[in-house]
Structure formats: C-alpha cells, structure tokens
Amino acid sequence: MNTNIHTYSHVGRRRGRGVHRGGHPDAGAWFRLLDRDRRLLALLSEHKAFTTEQIASLEFASVRRAQDRLRKLREMGMVFAFRESLYGGGTTQTRHALGYSGARLIAAQRAQTPPAPAKYALSLERLACSPMLDHRLGVNGFFCALAAHRNPTRPGSAASESVQGLTQWWSERQCAEMFWTNPSGDDQLHPDGYGCWERDGRAVRFFLEYDTGTESLKTVVSKLADYQGFPTNKFGILLFSVHSARREAGLRTALSRAFDSYGPDVAIATTSRDLAHPDGPAGPVWALWTTGGGAVTERLPLADLPERGPRITHHTSVEHPYNEAAFDHHDPQIQNLLYPNQVRPTPPTTEYSW
C-alpha cells in the first residue's frame with residue numbers, strides 16, 4: 001500500500017452539526033442516534049478503527065445496510081472514513097474512526113473534557129497513517145468475529161435468555177491499565193487484547209497475541225517472559241493467532257525448543273487464520289500446546305479450552321459494549337489475584353498512543 005489516503009467529508013448545512021459554536025451547545029445529535037449508533041461510537045472511542053465489514057458483522061443484516069447507516073453518520077460528523085490506494089490500482093476497504101462530533105458526544109456522555117478540534121484532527125491523521133493500523137484492524141477483526149455471534153440480526157442470537165458469546169473485550173490500552181503488579185511498570189502486560197467467551201455455562205478468559213509474521217519467532221516466543229512474570233493463569237489462557245499453518249507449526253516448534261522439558265506456567269493455545277471455519281475463532285480451530293508436543297493432534301472450539309480467571313456476575317456497561325464479564329482492578333477479589341497478601345502498589349503511569 002502507498003501513503004495516499006482518501007478521506008470522506010460532507011460540506012454544506014450538515015457539516016459540523018452537533019458541534020459547539022460560539023459557546024452554544026447542540027446535543028440534539030445524540031438524540032437522533034440509534035442505540036446501535038451509540039454502541040458503535042463507544043467501540044470506536046476505545047478500539048480506534050474498524051472496516052465496513054467489521055461494523056456490519058456487529059450490528060447489521062448486510063454490508064449494504066451498514067454502508068447506508070455509516071453514510072448518515074458521516075454526514076452528522078459522528079464518524080470519519082478513509083481508505084488507502086493500493087499498488088496496481090484500487091483501494092483498501094473503507095476504514096472508520098470516531099469523528100469529531102462523535103468524540104464530543106462521547107466526552108459529554110462520560111462527563112469528560114472534549115478534545116480540541118485541531119488536536120483531534122491531528123490524532124485522526126496519525127491514525128490513518130499509522131504503520132500499526134493494519135495490525136489493529138486485524139486484532140479488531142478477531143474480536144468482531146466473536147462479537148458477531150451476538151449480532152441482533154443473526155438467526156438465533158436472542159434464543160437464550162442469558163448473555164452468551166463475547167462478554168468481555170478489552171483493548172491493549174485497557175489491558176495495560178488493568179494488568180500490572182509493580183508500580184515501576186516492569187510487570188505490566190501488553191497483550192493485543194483480552195476477552196471472555198461464554199458458551200453453555202463455560203467461561204473462557206483469554207489474552208490474545210495477534211501475529212502478522214513481521215516479527216521473528218524468537219521475538220514472539222520471548223513475549224512469554226512477561227506472561228511468566230505475571231499471574232497469567234489466574235486470569236486466562238494465552239492465545240496465539242498466526243497468519244498461516246506454516247507459521248503456526250514454526251511457532252509450536254519454537255515453543256518446544258525454548259521450553260524443552262519444562263513449560264511456562266501458562267496455558268497456551270494456537271491457531272492459524274487460514275483455517276476457514278463458519279464460526280471463525282469461536283470454532284474448532286484451537287490446538288493446545290504442551291511441553292514436548294509441538295505437533296497438532298486435535299483442534300478444539302474456543303469454549304472447550306481450559307477455563308481460567310475469576311467468575312464475575314454479569315453487569316451492563318453503557319460506555320463499553322461487550323463487557324458484561326469485565327472486572328475492576330480495585331475489586332478485592334481481583335487484588336487478591338494480582339498480589340495476594342501484599343499492600344496494593346501505586347498504579348504506574350501508562351503512556352498509550354498510536
């Protein structure tokens with residue numbers, strides 16, 4: 001891909017609707033939004049960017065219907081859309097980020113100071129040009145494939161009275177703020193995401209490492225040092241999602257060589273994204289890794305992987321969709337898991353940006 005970024009904007013009477021002008025507020029746009037629009041804005045606020053297909057998988061019956069609604073949200077200034085030109089012609093699928101009007105409304109909902117227009121415009125430019133954008137879209141695609149099982153337009157999605165499917169979805173930023181045991185920041189975890197998948201009474205919590213093949217296998221395996229220094233097994237299983245079967249085989253071999261006759265005190269499962277299955281990462285695509293056993297002998301559904309982590313009574317969060325099973329760092333139950341019989345340390349300062 002080259003660096004030619006195509007953005008979408010709408011001029012005329014609609015432009016800037018919902019933005020303060022001359023000190024006069026206009027919150028009317030918030031009441032013109034549907035519930036699914038508000039959920040989308042909350043997700044964009046936290047997870048930064050989604051493709052049209054990813055958004056469609058969450059809330060819509062088809063990509064066309066998603067496109068129609070996203071067009072209206074762009075006209076309202078709720079979302080910002082862009083795409084890149086490809087070598088040889090054509091463009092990428094449209095990507096969507098939180099527009100300035102959307103950012104103002106989210107800030108108002110959370111009683112936060114709204115972003116300055118110029119600073120926010122710069123943040124969108126950095127997002128569109130970020131070399132990490134494709135990786136972030138890949139991580140979000142993984143979670144969207146799980147969240148799609150709760151799409152209200154999906155047949156049978158409302159068949160059960162209990163909430164099932166993806167019940168927790170934390171970004172890398174949220175993980176860094178939650179998973180630390182040392183105020184120096186040395187024991188902070190930085191997974192690409194953290195989630196909880198629930199099905200038929202089982203709750204599988206997991207840390208996600210989303211591999212695109214740009215790092216050496218030695219570097220990938222070295223990430224286990226952070227998980228070994230953290231009470232990982234008290235919070236979830238570690239998942240490696242890699243781009244090809246060849247890469248997965250290489251990773252499992254590298255793990256076996258690194259740990260030889262003893263393994264890390266972390267439950268690990270791997271998958272290859274070229275294993276096509278109708279249920280995506282929720283399907284039987286996961287292979288547990290054990291010491292000395294690099295070869296894949298069985299593939300399991302996500303719900304059948306080992307259960308780790310606390311059991312949390314479901315709750316609802318308007319600010320963060322897909323977080324019924326989320327927990328608070330200051331919860332005594334969680335503190336006991338992070339540092340049993342210790343005085344709670346002062347939270348480290350975390351810097352996070354694109």
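Here's a check for you: in the range 161-178, which residue that is closer than 13 Å to residue 324 by Cβ and more than 15 Å from the chain's Cα centre (by Cα) is modelled with the highest pLDDT?
First pass over the range 161-178, keeping only residues closer than 13 Å to residue 324 by Cβ: 162-170.
Add one more test, that the residue is more than 15 Å from the chain's Cα centre (by Cα), and what stays is 162-164.
Values: 162: 77, 163: 87, 164: 92.
Result: 164.
For (1) without any contact (Cβ under 8 Å) to a residue 60 or more places away in the chain; (2) not acidic (Asp, Glu), each residue gets a yes or a no:
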{"position": "51", "(1), (2)": "no, yes"}
{"position": "59", "(1), (2)": "no, no"}
{"position": "63", "(1), (2)": "yes, yes"}
{"position": "66", "(1), (2)": "yes, yes"}
{"position": "75", "(1), (2)": "no, no"}
{"position": "79", "(1), (2)": "yes, yes"}
{"position": "84", "(1), (2)": "no, no"}
{"position": "88", "(1), (2)": "yes, yes"}
{"position": "91", "(1), (2)": "no, yes"}
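Looking at 93, 54, which is the one that is closer than 23 Å to residue 193 by Cβ and modelled with pLDDT under 95? Before you say what the answer is, go through the steps one by one.
Details: 54 fails: modelled with pLDDT under 95.
Just a single option satisfies the conditions, and that option is 93.
Output the residues belonging to the range 316-354 that are of a type in the set (Gly, Ala, Ser), at pLDDT below 85 and within 17 Å of residue 194 (Cβ to Cβ).
Residues of the range 316-354 that are of a type in the set (Gly, Ala, Ser), as a first pass: 317, 325-326, 353.
Still in the running and at pLDDT below 85: 317, 353.
The answer is 317, and nothing else.
Return only the number of the condition from (1) under 18 Å from residue 147 (Cα atoms); (2) surrounded by 20 or more Cβ atoms within 10 Å (Cβ to Cβ) that residue 200 does not satisfy.
(2) is the only condition that residue 200 fails.
Wholly within the range 183-242, which strands (runs of 3 or more DSSP E) include no fewer than the required count, namely at least 1 residues that are hydroxyl-bearing (Ser, Thr, Tyr) and touching a Pro at 6+ places or on another chain (Cβ under 8 Å)?
Details: elements: 193-199, 202-210, 237-242.
Per the criteria, 237-242.
Determine which single condition residue 244 fails, assuming it passes every other condition in (1) of a type outside the set (A, V, I, L, M, F, W, C); (2) surrounded by 13 or more Cβ atoms within 10 Å (Cβ to Cβ); (3) closer than 18 Å to residue 145 by Cβ; (4) out of contact with any Ser or Thr (no Cβ under 7 Å at 6 or more places or on another chain).
Against the list (1) of a type outside the set (A, V, I, L, M, F, W, C); (2) surrounded by 13 or more Cβ atoms within 10 Å (Cβ to Cβ); (3) closer than 18 Å to residue 145 by Cβ; (4) out of contact with any Ser or Thr (no Cβ under 7 Å at 6 or more places or on another chain), residue 244 comes up short only on (4).
Considering every residue within the range 105-128, establish whether at least one is assigned to a strand (DSSP E or B) and in contact with a strand residue (DSSP E or B) (Cβ under 8 Å, 6 or more places away or on another chain). Write out each step before concluding.
Going residue by residue through the range 105-128, those that are assigned to a strand (DSSP E or B) are none.
The answer is no, given that none of the residues of the range 105-128 is assigned to a strand (DSSP E or B) and in contact with a strand residue (DSSP E or B) (Cβ under 8 Å, 6 or more places away or on another chain).
Return the residues of the range 66-104 that are part of a strand (DSSP E or B) and of a type in the set (S, T, N, Q); say none if nothing qualifies.
Our first condition is that a residue be part of a strand (DSSP E or B); within the range 66-104, this holds for 79-85, 91, 95-98.
Listed by number, the residues that qualify are 85, 91.
Scanning the range 49-81 for residues that are aromatic (Phe, Trp, Tyr) and more than 18 Å from the chain's Cα centre (by Cα), which turns out farthest from residue 126 (Cα to Cα)? Show your work before the answer.
Here is the first cut: in the range 49-81, the residues aromatic (Phe, Trp, Tyr) are 50, 60, 80.
Among the residues that remain, those that are also more than 18 Å from the chain's Cα centre (by Cα) are: 60, 80.
Working: 60: 29, 80: 13 Å.
Across the range 49-81, the extreme among qualifying residues is 60.
How many of the residues in the range 75-99 are aromatic (Phe, Trp, Tyr) and buried (at least 19 other Cβ atoms within 10 Å of the Cβ)?
Matching residues across the range 75-99 total 2.
Given the options 253, 313, name the one that is part of a loop (DSSP other than H, G, I, E, B), modelled with pLDDT of 80 or more and surrounded by fewer than 15 Cβ atoms within 10 Å (Cβ to Cβ).
Working: 253 fails: part of a loop (DSSP other than H, G, I, E, B).
The conditions single out 313.
Here's the yes/no breakdown for (1) crowded, with 19+ Cβ neighbours inside 10 Å; (2) within 20 Å of residue 339 (Cα to Cα); (3) out of contact with any Ser or Thr (no Cβ under 7 Å at 6 or more places or on another chain):
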position	(1), (2), (3)
222	no, no, yes
235	yes, yes, yes
249	no, no, yes
266	no, yes, no
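Residues of the range 266-279 being farther than 10 Å from residue 240 by Cα, touching a Leu at 6+ places or on another chain (Cβ under 8 Å) and modelled with pLDDT of 95 or more, which ones? Steps first, please.
From the range 266-279, those farther than 10 Å from residue 240 by Cα are 266-267, 273-279; that's our starting set.
Subsequent filtering for residues that are touching a Leu at 6+ places or on another chain (Cβ under 8 Å) retains 266-267.
Residues satisfying the conditions do not exist here.
Yes or no: residue 266 of a type in the set (A, V, I, L, M, F, W, C), within 19 Å of the chain's Cα centre (by Cα) and closer than 23 Å to residue 311 by Cα? Spell out the reasoning first.
Values: of a type in the set (A, V, I, L, M, F, W, C): yes; within 19 Å of the chain's Cα centre (by Cα): no; closer than 23 Å to residue 311 by Cα: yes.
For residue 266, the condition - of a type in the set (A, V, I, L, M, F, W, C), within 19 Å of the chain's Cα centre (by Cα) and closer than 23 Å to residue 311 by Cα - is not met.
Determine, yes or no, whether residue 208 is within 20 Å of residue 321 (Cα to Cα) and surrounded by 14 or more Cβ atoms within 10 Å (Cβ to Cβ).
Working: within 20 Å of residue 321 (Cα to Cα): yes; surrounded by 14 or more Cβ atoms within 10 Å (Cβ to Cβ): yes.
Judged against the criteria, residue 208 is a match.
The values are calculated or read from the model by the stated rules, or taken from the named source; none is laboratory data. Keep in mind the model is a prediction, meaning the values are calculated, not measured. Reconstructed Cβ throughout: ideal geometry from the backbone, glycine too, with neighbour counts over all protein chains shown.
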